[in-house]
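What follows is a single structure, written as structure tokens, with notes after it.
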2 protein chains.
Amino acid sequence: MAQPVSSDSLLPRALASDNAAMARLMSRAEASSSECRQAMAQLYAKAGRAHVIGITGVPGSGKSTLVSTLTLKLRASGKRVGIIAVDPSSPYSGGSIMGDRIRMSELVNDEGVFIRSMATRGAQGGMARASLEAVDVLDAAGFEYVIIETVGVGQAEVEIARAAHTVVVVSAPGLGDDIQAIKAGILEIADIHVVSKCDRSDANRTIGDLKNMLTMGMSLVPGGGWNAPVVPTSSANGEGFEKLIECLDRHGHYIRTTDAGRQRVRRIAEFRMLKTAEDLLHQRFLAARQSTLANVSEQLAQRLISPYQAAERLLDGVNLEKTS
Amino acid sequence: MAQPVSSDSLLPRALASDNAAMARLMSRAEASSSECRQAMAQLYAKAGRAHVIGITGVPGSGKSTLVSTLTLKLRASGKRVGIIAVDPSSPYSGGSIMGDRIRMSELVNDEGVFIRSMATRGAQGGMARASLEAVDVLDAAGFEYVIIETVGVGQAEVEIARAAHTVVVVSAPGLGDDIQAIKAGILEIADIHVVSKCDRSDANRTIGDLKNMLTMGMSLVPGGGWNAPVVPTSSANGEGFEKLIECLDRHGHYIRTTDAGRQRVRRIAEFRMLKTAEDLLHQRFLAARQSTLANVSEQLAQRLISPYQAAERLLDGVNLEKTS
């Protein structure tokens, strides 16, 4: 069998936007391969120019359609767009594609668009780290925009959307009560609110309700200087996308030029550091303790020890005081 | 100001099912208080008799209504029921209550029912640990059934439902495509499938679709000996709940009496151990590294180091080899 190509030799090809090389590096990062760490570090060092946009919303809010249309509009101005889909309902992750078939095929055949779907199951918590490493690959390769699409339900999923420069929360008319309750929980993370499907007759009520909620104090995020605008869009007739792109660019400028923006970038770095540390710790931990694990978990299952005692035994030997 | 009551002195009251004492211990556990650890360990040692049931489903599947009706039916046989709601759309967590108002008030005023809603935001990953400690409190206090209700979207949320003896996945007729795609992802974790709202005319199609999916191989979970039944229910007319309770009891017996069941209990213990260890590590980590944190994250934000280098610096001094 042929030797697998080293990550270091994939690096220049990935930087030249070779799709296969980019995809392979993303897969290795996702699998927590240590072989690719040097290459990923180099990509990270070269990255930092892309505008990273988190787009989230409850199921049924039309965020995948929004992502498709937004990408087409951004492409019209010649900018390259990467899409990282962390969403089981996304058409890019194998979800419903009926309404999006035409748009999607346009995107899939466009050299200036790269779409990556991240596993959301079985990823043992490494989902955030791997998704943001995929962003690095696209950023370093010179993609001007990287969109992270996540479903707006689930602690881990919402956290990933927040690790973007600009967070867009998508609302839509005509969703059920259960969904509305979930939606209320994510409105506060929005830098930009989009109300999709605004060609529908009941969209005005959704826009009005949202604006009411925002004037009730939610827009006054402390340390801000940024008021989250409400942008109605329609993927059916293209309405609102010019304004959305203008708001995105304005927020991108805000992030680059203000103290609050610099704090945001630093908070994202802190999040990445912690997620990477957790991951690394978890891997080492499982490797070092494989034999102890079965024994301790058996004692725990028999209730001879408590969960904290079991955890302490596993951590026994871990010294978190600074050694130097 | 009066001295706060110690967890050790709350313990006998919690064991005697005093609602206030149980709630206070749960709050302290949720806040990662080390003061309550001894008391929680004693509760854990006394627990292990309750049947822990995870109920999950996509938003709109009617799982909260199912939980309400199931609880009323279980109460009719005199058994006590605890409900841990890890779901922003649950009426118990402040979500939609319109349809459930009557049932809920019956439950809330019933001494044999204890309802606890867990924070799903800002819980820094400790959600699983805290939810399962809340189960311990109810279990040790002699509640025969403890239901963990989680929304079936989100990695962390689905993981918690799986930490139950019996997992019930709720499907419903008439959900949108986006929701259906998410649903497909959680079907495989079910010990029992419920199709709710089976009084609706389109329910038969949902039941048929589900059975087709299951015969396409999904029910053949390896190492099983348990075939997940499909139970149609209607909270409107009470249909199916007798069968659901019979299936729950049959699965509870299966867990207690088979090798596969014992393995399941051990896997749950392992999950708890790891989640508790992660939590503990995270706490110590942040405490020990607070001063280093700002410095390293600033270097990371400026791309002078990579996320792995930042993580390594934070973990520097952590020794995971066994010392004794």
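No value in this document is a laboratory result; all are computed from the given coordinates. Every value quoted in this text rests on a predicted model; they were computed, and no experiment measured them. In this analysis, Cβ positions are derived from the backbone assuming ideal geometry, glycine residues included, and neighbour counts consider all displayed protein chains.
Going by neighbour counts of Cβ atoms within 10 Å, the residues B:Arg13, A:Arg262 line up, fewest first, as A:Arg262, B:Arg13. Distance between the pseudo-spin-label points of B:Asp8 and B:Ala260 (7 Å out from Cα toward the beta carbon): 4.6 nm. At q = 0.21 Å⁻¹ the log10 of I(q)/I(0) for segment A:157-280 amounts to -1.27, computed by Debye summation with a single uniform scatterer per C-alpha, solvent ignored.
Using r as the Cβ-Cβ distance of A:Arg284 and A:Ser201, and R0 as 56 Å, what FRET efficiency do you calculate, to the nearest 0.05?
Details: r = 57 Å, r/R0 = 1.02.
So the FRET efficiency works out to roughly 0.45.
Using θ = phi - 60° in the Karplus curve 6.51 cos²θ - 1.76 cosθ + 1.60, the 3J(HN,Hα) couplings for segment A:195-200 round to 9, 7, 6, 6, 6, 6 Hz; x is entered for Gly and Pro. 3J(HN,Hα) along segment A:23-33: 5, 5, 5, 4, 5, 5, 4, 4, 7, 6, 5 Hz, from the Karplus curve 6.51 cos²θ - 1.76 cosθ + 1.60 with θ = phi - 60°, whole Hz, x for Gly and Pro. Counting neighbouring beta carbons within 10 Å and listing from fewest to most, the residues A:Glu157, B:Glu106, B:Glu312 come out as B:Glu106, B:Glu312, A:Glu157.
Close amide H pairs (under 5 Å, H built 1.01 Å from N) link A:Val195 with A:Ser171, A:Val231, A:Thr233, residues at least 5 positions away or on another chain. One compactness figure for segment B:275-315 is 1.24, namely its Cα radius of gyration divided by 2.2 N^0.38 Å. A point 7 Å from Cα along Cα→Cβ stands in for A:Arg267, and the other copies hold the same point at 3.8 nm, listed in rising order.
Spacing of the modelled spin labels on A:Ala76 and B:Ser77, each 7 Å from Cα toward Cβ, amounts to 6.3 nm.
Ratio of Rg to Rh for segment A:110-204: 1.01 [Cα atoms; Kirkwood radius as inverse mean 1/r over pairs]. Take A:Arg284, push a point 7 Å out from Cα through the beta-carbon direction, and compare it with the same point in every other copy: 1.2 nm, smallest first. Estimated from the Cβ-Cβ distance and a Förster radius of 25 angstrom, the FRET efficiency linking B:Ser34 and A:Thr292 is about 0.60.
Across all C-alpha atoms in segment B:7-257, the radius of gyration and Dmax reach 17.7, 55 Å.
Could you put A:Cys247, A:Cys36 in order, starting from the residue whose Cβ has the fewest other Cβ atoms within 10 Å?
Values: A:Cys247 21, A:Cys36 24.
Exposure proxy ranking, most exposed first: A:Cys247, A:Cys36.
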